[in-house]
1. Of all beta bridges DSSP finds with both residues in the chain, what is the antiparallel percent, to the nearest 5?
2. So for the chain, averaging the separation of alpha carbon pairs under 8 Å that are six or more residues apart and normalising by length, what relative contact order in percent results?
3. For the chain, report the convex hull volume of the alpha-carbon atoms normalised per residue, in Å³, without decimals.
4. For region 114-141 and region 175-228, what is the separation of their C-alpha centers, rounded to whole Å?
5. Taking the number of other C-beta atoms within 10 Å as the exposure measure, put Ser180, Ser162, Ser173 in order starting with the fewest.
6. Between Glu209 and residues 5 or more places away or on another chain, which pairs have amide H atoms under 5 Å apart, with H built 1.01 Å from N, and which residues are they?
7. With unit charges on the beta carbons (Lys and Arg positive, Asp and Glu negative) and the dipole taken about the Cα centre of the chain, which residue among Leu64, Val27, Leu159 sits farthest to the positive side?
8. For Asn51 and Lys87, what is the calculated FRET efficiency with R₀ set at 30 Å and r taken between the beta-carbons, to the nearest 0.05?
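We did not get these values from a lab; they are worked out from the coordinates using the rules stated. The structure presented is a predicted model; accordingly, all values stated were derived computationally and were not measured. All Cβ positions, even for glycine, are placed from backbone atoms using ideal geometry, and neighbour counts span all protein chains on display.
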Amino acid sequence: MRQGMPAVEEETARKAVHELQAYWKRVDSAKEENLFGDRDENIFLTLRVRNKMKENTALLKVDLPHPKKENVKACFIGEGKDMKSVKKVITVAELVSDYRQYKQKRELCKAFDLFFCLDKDHAEVKRAFGKSFFRRSKYPVVLDSRDEESTDCKIEKHLKASFMRIPSGKTMSCRIGGISQSEGDLVENICEAVPKVVRMIDGEWENIEWIGLTFPNIPTLLLFGNRQ
């Protein structure tokens, strides 16, 4: 990073991770019933820019020193046979017909960590998911259907890294780890990922309004900037 440029302080990241993990322990010990149960939920690094960028549906890879890759339950929405990278394959038609009710969507969202679909199916999958998935950062990862590489191989690569895309709005996220990872590993992931993500933004730090950690059911924990 250039001298004099802003940064996310390691101690700020450590306090945010500590607060998240303390919250999760309280939820687990109270055995609260919520959308996600007691599994290793994802933590997202979320940022908001001052000026919108041109939407880019391509996934931008964010390498992490300690990726969350074990015990990730993935679901593919689309046509697929003998896929080793995912736990379940649901066709788009099945998604539309079998998961209409809120309870059905809730159970599907609870069952998997990540969802994947092809770009040609994205619009329909997005409509079928509804707001409940997106409020909890369970966005479907969109795969390029024109690529000759098999869908199974594409998903395998995604499960070993974190990715971000530039949306039509001002807010974007990438998975930074799982809540059960060690505090030290998560802090290192944050400190490594922030400068990489900022370099993907037009204007870099000058265009960053705020950066924070997002997790289901609690407000964003700020690492940099202000939410007004």
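1. 65 percent
2. Result for the chain is 37 percent.
3. It comes to 132 Å³ per residue, whole-number rounded.
4. 22 Å
5. Listed from fewest to most nearby Cβ atoms, that is Ser180, Ser173, Ser162.
6. Arg48, Val49, Arg50
7. Val27
8. On the way: r = 40 Å, r/R0 = 1.33.
Efficiency for this residue pair is about 0.15.
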